[in-house]
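Asker: One structure is given below, represented as structure tokens, and several questions about it will come after.
The values are calculated or read from the model by the stated rules, or taken from the named source; none is laboratory data. Keep in mind it's a predicted model, so treat the numbers as computed, not measured. All Cβ positions, glycine included, derive from the backbone under ideal geometry; neighbour counts span all protein chains shown. Note: areas computed on protein heavy atoms with side chains; ligands, DNA, RNA excluded. Shrake-Rupley method; radii C 1.70, N 1.55, O 1.52, S 1.80 Å.
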Amino acid sequence: MTSADHAKQLNNILDHSDTKKVILSTAFMTERGLSLIESTLSAVASQAIVFAGVRNGITTAQALEKALNIGCTVYAVDTGSRTRIFHPKVYFQRSHDKARLIVGSANLTVGGLLANIEASLLQDFDTTVQEDADFLATVEQQFQDMIDEYPEHVIKISARSDIERLLETGRVLDESETRAPAASSSSSDRGDDQVPLMKLKTNRGTLSKISRFSSEFLRVVPTTLSGKPVQPSNTALELLWESKELRRRDLDIPKSETTHATGSMLWKKGASEIDQQTYFRDRVFANLTWQPSARTTGKEEAEADFQIIIRGIDYGLYRLTVTHDTRKNTAAYKQRQPMTDVRWGEARPLIARTDLLERIMRLYRDPAQPDVYVIDID
């Protein structure tokens, strides 16, 4: 809620030329999170030990690989249970006569270092003061004791093969694979849930690209939506499209009472590298049953089921109409404008809300059920 962020503070404590010891302990770690401190961490990597929890559904193979490539000593902490999580967030740096310690809630993820609301205590120490020196020695010894006392659970990562083993056994994730949106609960009413996106003062920074790490697809969790079951499959949800920050036109929110509501949203390029004129008709919705539009000459229509998840709440399955303009002699076509849209129909009351402005929409599909799509907004 302040302009301070954990990425800046963590970079500050790492940025010392006479560093003798660094300990980074985190429950969750991702490559993009680690990239926020990569430059300063690289300079002290030979003195740095990283402890990252695994078997928690968040820590990734790419994060462990990046820490290893930077030159850190890396340990994966596996409690042997998903219900017992390695959770300490401790960031420690000691030089010749000084030391700094951050203890708090922030993980080595983009959310923890930049986007979330986190709280931590930053403490400075003087190693020439005996009380401080004793405390610092205890901190370091506790991590060494963990290595010594739990050799089956505190796993040293010495090579990529060690990470591959964790990936193959499902103890870390692959950041390059699409993760299906998970609804924490379900509802049929959006009337009382209009809380806007909380705007924080911190800067999200520039994120690195995700490197690819071969693995099996993540599995779809079976769900039942508004009494209509969506059958589980053995394939992953495929991320088809991601928007930029949603605007009024996307959400069909008129700017004034005199502005006409279209009842639809154009499938635009968004944050994806696609041809917005052909991609949706020829790839995303190609398998639907298309028919000439009865309303507009030169257009065609198809229907599909869309599961709508908004801010982690599942609002069920809606039958929506997708429309595509086949004409190539229109001004819109010549200006390279999008040609495909979705008509919100009965789902419009869920979508046309100001609390969704500036959020991101993602479109998914289960390859085993090509006429069932998932719209996730968060």
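Asker: Pull up region 147-165, narrow it to residues that are within 30 Å of the chain's Cα centre (by Cα) and among the hydrophobic types (A, V, I, L, M, F, W, C), then point me to the one that is farthest from G71 (Cα to Cα).
Answerer: By that ranking, first place goes to V154.
For every residue, the table says whether it meets (1) under 18 Å from R171 (Cα atoms); (2) at pLDDT below 95; (3) out of contact with any strand residue (DSSP E or B) (no Cβ under 9 Å at 6 or more places or on another chain).
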| position | (1), (2), (3) |
| --- | --- |
| V22 | no, no, no |
| V44 | no, no, no |
| F51 | yes, no, no |
| N56 | yes, yes, yes |
| N69 | no, no, yes |
| A76 | yes, no, no |
| Q93 | no, no, no |
| R100 | no, no, no |
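Asker: Let me ask something else about it. Which one of E175, E168 is under 31 Å from the mean Cα position of the chain (by Cα), buried (at least 16 other Cβ atoms within 10 Å of the Cβ) and acidic (D, E)?
Answerer: On the way: E168 fails: buried (at least 16 other Cβ atoms within 10 Å of the Cβ).
The unique qualifying residue is E175.
Asker: Related question: Please state which one of R281, R336 is part of a loop (DSSP other than H, G, I, E, B), basic (K, R) and open to solvent by 20 Å² or more (accessible area, probe 1.4 Å).
Answerer: Result of the check over R281, R336: R336.
Asker: Further question on the same structure: How about region 53-77: which of its residues are open to solvent by less than 20 Å² (accessible area, probe 1.4 Å), in a strand (DSSP E or B), in contact with a helix residue (DSSP H, G or I) (Cβ under 9 Å, 6 or more places away or on another chain) and not β-branched (V, I, T)?
Answerer: Correct list: A76 only.
Asker: For S264, work out the one condition from (1) touching a residue at least 60 places away in the same chain (Cβ under 8 Å); (2) open to solvent by 80 Å² or more (accessible area, probe 1.4 Å); (3) of a type in the set (S, T, N, Q) it doesn't fulfil.
Answerer: Among (1) touching a residue at least 60 places away in the same chain (Cβ under 8 Å); (2) open to solvent by 80 Å² or more (accessible area, probe 1.4 Å); (3) of a type in the set (S, T, N, Q), the lone unmet condition for S264 is (2).
Asker: Residues that are acidic (D, E), within 25 Å of P367 (Cα to Cα) and out of contact with any Phe, Trp or Tyr (no Cβ under 8 Å at 6 or more places or on another chain): does region 245-266 have at least one?
Answerer: So far as region 245-266 goes, no, none of its residues is acidic (D, E), within 25 Å of P367 (Cα to Cα) and out of contact with any Phe, Trp or Tyr (no Cβ under 8 Å at 6 or more places or on another chain).
Asker: Hey, another quick one. K8 fails exactly one of the following numbered conditions: (1) touching a helix residue (DSSP H, G or I) at 6+ places or on another chain (Cβ under 8 Å); (2) open to solvent by 10 Å² or more (accessible area, probe 1.4 Å). What is the number of that condition?
Answerer: Exception for K8: condition (1).
Asker: Any residue in region 88-97 that is farther than 22 Å from D5 by Cβ, in contact (Cβ under 8 Å) with a residue 24 or more places away in the chain and of a type in the set (S, T, Y)?
Answerer: Kept after step one, since they are farther than 22 Å from D5 by Cβ, are these residues of region 88-97: 94-97.
Going one step further and asking which of them are in contact (Cβ under 8 Å) with a residue 24 or more places away in the chain, we end up with 94-97.
Now narrow it down to the ones that are of a type in the set (S, T, Y): 95.
Checked against the condition, which is being farther than 22 Å from D5 by Cβ, in contact (Cβ under 8 Å) with a residue 24 or more places away in the chain and of a type in the set (S, T, Y), region 88-97 yields at least one hit.
Asker: Taking T297 as the residue in question, decide whether it is assigned to a loop (DSSP other than H, G, I, E, B), among the hydroxyl-bearing types (S, T, Y) and open to solvent by 80 Å² or more (accessible area, probe 1.4 Å).
Answerer: On the way: assigned to a loop (DSSP other than H, G, I, E, B): yes; among the hydroxyl-bearing types (S, T, Y): yes; open to solvent by 80 Å² or more (accessible area, probe 1.4 Å): yes.
Yes; evaluated as a whole, the condition is true for this residue.
Asker: Quick check on my filter: what residues within region 15-50 are within 26 Å of the chain's Cα centre (by Cα), in contact (Cβ under 8 Å) with a residue 60 or more places away in the chain and open to solvent by less than 10 Å² (accessible area, probe 1.4 Å)?
Answerer: I23, L24, S25, T26, A27, M29, G33, L34, I37
Asker: Right, another one. Which condition breaks for D378 when tested against (1) surrounded by fewer than 19 Cβ atoms within 10 Å (Cβ to Cβ); (2) more than 23 Å from the chain's Cα centre (by Cα); (3) of a type in the set (D, E)?
Answerer: (2)
Asker: Within region 325-340, how many residues are touching a residue at least 24 places away in the same chain (Cβ under 8 Å) and under 14 Å from D275 (Cα atoms)?
Answerer: Within region 325-340, residues that are touching a residue at least 24 places away in the same chain (Cβ under 8 Å) and under 14 Å from D275 (Cα atoms) number 6.
Asker: Report, by residue number, each residue of region 317-333 that is in contact with a helix residue (DSSP H, G or I) (Cβ under 9 Å, 6 or more places away or on another chain) and either open to solvent by less than 50 Å² (accessible area, probe 1.4 Å) or assigned to a strand (DSSP E or B) (or both).
Answerer: Of all residues in region 317-333, those in contact with a helix residue (DSSP H, G or I) (Cβ under 9 Å, 6 or more places away or on another chain) come to 318-322, 324-328.
Y318, R319, L320, T321, V322, H324, D325, listed by residue number.
Asker: Against the definition (over 16 Å from L24 (Cβ atoms), among the aliphatic types (A, V, I, L, M) and surrounded by fewer than 17 Cβ atoms within 10 Å (Cβ to Cβ)), how does V103 come out, yes or no? Full working, then the answer.
Answerer: Details: over 16 Å from L24 (Cβ atoms): no; among the aliphatic types (A, V, I, L, M): yes; surrounded by fewer than 17 Cβ atoms within 10 Å (Cβ to Cβ): yes.
Considered against the rule, which asks whether it is over 16 Å from L24 (Cβ atoms), among the aliphatic types (A, V, I, L, M) and surrounded by fewer than 17 Cβ atoms within 10 Å (Cβ to Cβ), V103 comes out as no.
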